[in-house]
Structure formats: structure tokens, C-alpha cells
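Working notes for the structure below.
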Amino acid sequence: MLLNDLLKNIAVLNMEGDGSTDIRGISYDSRKVRPGFLFVAVEGFKTDGHNYVGRAVEAGAAAVLVQRMVEVPSGVTRVITGDTRKGLAMVSAAFYGCPSRELLLVGVTGTNGKTTTTSLIASIYRGAGKKAGLIGTIANYIGDRKLDVSHTTPESADLQEILRDMVNEGVSVAVMEVSSHALSLERVAGCEFDVAVFTNLTQDHLDFHRDMEEYLEVKARLFRNIGVGEKKLPKYAVVNADDPYSASIAEASGAPVVTYGLSEKADVRAVDIKVTGRGCSFTAVSEKYGAIDLSLRLTGLFNVYNTLAAYTAAVEGGISPGLVKEALERVPGVPGRFETVDCGQDFTVVVDYAHTPDGLENILKAARTVASGRVITVFGCGGDRDRTKRPIMGEIAGRYSQVPIITSDNPRTEDPDIIIRDIEEGIKRVVPGGYRVIPDRREAIRAAVAEAKSGDMVVIAGKGHEDYQIIGTQKLPFDDREEVRNALEALEKK
């Protein structure tokens, strides 16, 4: 594809070289550049792509896209733009033929519930006979083909390539988790969304965003852009009416808004809710679609919200309530989301990704609802991330657990003891001496399992589906579910 054609949708401040150069690929990683590629220099948090322009040229880059002056040899075209992150997204979309225009693209954003909601929406469309793609935290799927993930939302060049692969493989619907990082860092620029879903907004990522106002503004971008595009498909937003930020999200939407929730003001409501340890049931009621009973294998009030979001998005998109019901009731669960580990023990163990104050409170409230005995919680907080949420999570664990155990999550380059002390500031407010500290996560899980008695529920929170632990700069194999199984087996042998 000609360089000039790739640059049509970005602001070019200066270009030196041949705009008719044929571009054979795009890369933001100099190690992946091949002859004829366009190398896009992106300023990262740990390194700056502009420092690797020379390596990219040595590897055969025919052109470079930069946001400040760098020297390149003659024969290599240099293009300067004001924002190479957005530039990367726009040239990638152009290079791959704007694949989002050939898909029904559903974006789900919010602090909690994105993974479950996207999984449910994709399941509904599959149940309706559509070949669906899924982009999210656990894995990316092109139909039934699973791809590994490195970010909740892939880098823009990778995202556009995945979307093109989806189109080429017959996918008609793509459902995507859209993180605040992805919106802020322009990873989804060049994507034309047809449906945007808002789950909730609670404290998280304040190491990245200045405050909750900025966090909200970033989330609102998805909805502001929902009415923009060339596709003729209906465009609409699905918003949690019970969230305090719902009015701001709805006001930002460039497309019609339909709301869901438990309150009377919601367009689609859940009534007659019943939550047990095995699942939940409720009736979805709306003036437009009538009433339909849903019985699910997902438990917790938070999953009532997630299911209601998926239901609303689907029926508003033209799928019949009956068909949505069939699809939702077949879903067995979502990996690492209130996932039960059952080895025949007489107490319950669940593993959940909850790593925010709201997420932890939701699962612990759910645990207290369904456990006949005590709630034993193993949790920690990530290193090199928002410190302000640590004491809040400590206070929540102390309030809703009979036996809270503080441990390490992914400490990264922070001292685990410092993270734990931050958590203790909060937990001491509610249980000054009623908690345990076991920094080694494996030992903490073993201690929790050994502590449990008949009827208790052990909640292992924070990592969910992750099969690794990041200590320092090392990514070490570690799966909470596997560690629970090992602990249960060891207990059985005693």
C-alpha cells in the first residue's frame, strides 16, 4: 500500500522523502521490522521508540513515522506527526483495510465486569448462529480459535491485524473489552464501534489517571465516538442506570441510549432476583421486550448486572429474548471469575480476578450470601500500581471476611512488605488484630485451605485467570486454581 494512502487520516506536520513508497507492513517494534515496513516510533513508559529508528532502518524500514526530528539516511522517508500513538492506530487501520467497518463491533468498558459481559455477549451471538470474535483480558478468539493476550485491549497495530483476520475468517460480530488505557493511549482509534456498553466506574488505575474525573472522561470517549462512522448498522449505547456516573456517560453518547439495572428508572430491569451458591435467577422486564425469566450458572448480584448488560445489548440489537435466554442459560461460567475449585472437599473455594475495591466488595458480599460458614479471604494488591486503593481493599476484606489473609499479588518491582503495610492501614480500622499476613502467596493459599471447615467459603482474590506471578521483573508460573488443587490434595493426604 502506498505511504500517501496510509497517511490520509493523520495530521502530517512534515514529510521528507517519497510518499509513493510501497509499504509492506507496519511495526512499532524495531525487532519486528522487515524490508519495506513503516516503523512507527512511539514514546512508551519505559523506553522511547525514537531511540530505535536506526535499528528499524537497518532492518529495512522504507519509512518512519515520528513525532520529533530524527536523522534517517537518504532513501528512507521521514514523516512527522503530532501524536504517533494515534498515528499508529490510523495508519494500521488503513493498512488493514479498516476491518471494523466490515464487522458489527461491540465495545464494553467499565472498571469491573468487562470480561464476563463480553463473554456473555459473544455467547449470545454464537447462539444466534453468528461467527463471533472476542478480544479481552483472558484471551482473544477468532471464532473458536484462541489467541494469547498481552493487554486487555491489544496495541492498535495488533488490534487492526486481529480484526482483519476475523473478517478474513468469516467473523461477523466482534466483541471487545475496551480498557481506559486503550482509550487514553489511542489503541482503538480507527475502530468504528456500533454498540458501546458501560458496566460501572469505581476506583482503579489512579496511578495512570490523575483522578476519577479524568478516568470518567477517558471512559466517555468510547460513547462520544459511537455515532461516528460510515456503516449503516444501528448504533446505540447500553448504560448501567444504577451507577453514579451513568448520567455523564449517557450525556456523552453520540447514539441513542438504553439503560439497564435494578432501579425503576432503568429501561431493562431485573426483578425477583434469587442468588445461591450455584447460580442466580431473575426476570428481565422492559416495556419494549416484555418479561422473560433467566436462570444462570453464574452467582452473585454483580453477575445479575453483567447478565442484564449482555441481555440488553443483544435484544436491542435485534436478537429475540427467547434466543438470548437459551444462550445465557448454557454458559457454564467465565475462567477466573468466581470460579469454583472442587476436589470433593466439604467447603467451597472460589478464585476471582477482583483487584479493585468495588470488585473485592462485590465478591465478598456474594460469598457471605451463599456461604453457610465463614468467609476466608486471601488477597493482596499489585505493585507499581495505584497505592490509594490498598487501604480501602484492606478495610473491605476486614469488614466482609471472618478470616482475612493478606498476601502478595503481583508485587512487580515494589517491596511486597510495603504493599502489605499499605493494606494494613485499612484493615486495622475494622479488625485491629483479626487478620493474618502471609507474604508468600502459595503458603497463604495453603493456610486458607487448612483453616477451612465444613460450610466455609475460601475466596482467593486478585489474579483470577492469570497463570503467572510477577516478582521483580520476572514473570513466574503461578496459577491460583492449581495452587488450590495442590493444597487440597496435600490436605487429603494428611
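Key figures
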read-out: Any hit, region 384-400, residues being part of a loop (DSSP other than H, G, I, E, B), in contact with a His (Cβ under 7 Å, 6 or more places away or on another chain) and crowded, with 23+ Cβ neighbours inside 10 Å; value: no
read-out: Breaking point among (1) within 23 Å of the chain's Cα centre (by Cα); (2) part of a loop (DSSP other than H, G, I, E, B), for residue 366; value: (2)
read-out: Some residue of region 229-236 being in a strand (DSSP E or B), touching a strand residue (DSSP E or B) at 6+ places or on another chain (Cβ under 8 Å) and touching a residue at least 12 places away in the same chain (Cβ under 8 Å); value: yes
read-out: Conditions (1) out of contact with any Gly (no Cβ under 7 Å at 6 or more places or on another chain); (2) among the acidic types (Asp, Glu); (3) within 18 Å of residue 96 (Cβ to Cβ); number of the one not met by residue 144; value: (3)
read-out: Hey, residue 295 of a type in the set (S, T, N, Q) and surrounded by 16 or more Cβ atoms within 10 Å (Cβ to Cβ) or not; value: no
read-out: Selected residue (only one of 176, 166 is over 13 Å from the mean Cα position of the chain (by Cα), hydrophobic (A, V, I, L, M, F, W, C) and in the same structural domain as residue 217 (by TED's automatic domain parsing)); value: 166
read-out: Qualifying position, being closer than 15 Å to residue 191 by Cα and among the aliphatic types (A, V, I, L, M), among 106, 76; value: 106
read-out: Region 222-248, residues that are within 20 Å of the chain's Cα centre (by Cα) and within 18 Å of residue 188 (Cα to Cα); value: 222, 223, 224, 225, 226, 237
read-out: Single residue of region 60-100 satisfying the filter (out of contact with any strand residue (DSSP E or B) (no Cβ under 8 Å at 6 or more places or on another chain) and small (Gly, Ala, Ser)) that is farthest from residue 27 (Cα to Cα); value: 74
read-out: Those residues of region 246-281 which are part of a loop (DSSP other than H, G, I, E, B), hydroxyl-bearing (Ser, Thr, Tyr) and crowded, with 20+ Cβ neighbours inside 10 Å, in sequence order; value: 253
read-out: Evaluation of residue 298 against (1) of a type outside the set (Phe, Trp, Tyr); (2) within 23 Å of residue 467 (Cα to Cα); (3) in the same structural domain as residue 445 (by TED's automatic domain parsing) (one fails), failing number; value: (3)
read-out: Of all residues in region 123-140 being touching a Gly at 6+ places or on another chain (Cβ under 8 Å) and crowded, with 20+ Cβ neighbours inside 10 Å, the one that is farthest from residue 214 (Cα to Cα); value: 132
read-out: Qualifying residue in region 36-59 (condition: polar (S, T, N, Q), free of Cβ contacts under 8 Å to residues at least 12 places away in the same chain and assigned to a loop (DSSP other than H, G, I, E, B)); value: yes
read-out: Those strands (runs of 3 or more DSSP E) lying entirely in region 108-175 with at least 2 residues at pLDDT below 95 and farther than 23 Å from residue 326 by Cα; value: 145-147
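Rundown of residues vs (1) charged (D, E, K, R); (2) at pLDDT below 95; (3) in contact with a Gly (Cβ under 7 Å, 6 or more places away or on another chain), yes/no style:
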{"residue": "427", "(1), (2), (3)": "no, no, yes"}
{"residue": "436", "(1), (2), (3)": "yes, no, no"}
{"residue": "446", "(1), (2), (3)": "yes, no, no"}
{"residue": "465", "(1), (2), (3)": "no, yes, yes"}
{"residue": "469", "(1), (2), (3)": "no, no, no"}
{"residue": "480", "(1), (2), (3)": "yes, no, no"}
{"residue": "487", "(1), (2), (3)": "no, no, no"}
{"residue": "491", "(1), (2), (3)": "no, yes, no"}
{"residue": "494", "(1), (2), (3)": "yes, yes, no"}
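The values are calculated or read from the model by the stated rules, or taken from the named source; none is laboratory data. The structure presented is a predicted model; accordingly, all values stated were derived computationally and were not measured. Don't worry about glycine lacking a Cβ; one is built from the backbone with ideal geometry, like all the others, and counts go over all protein chains shown.
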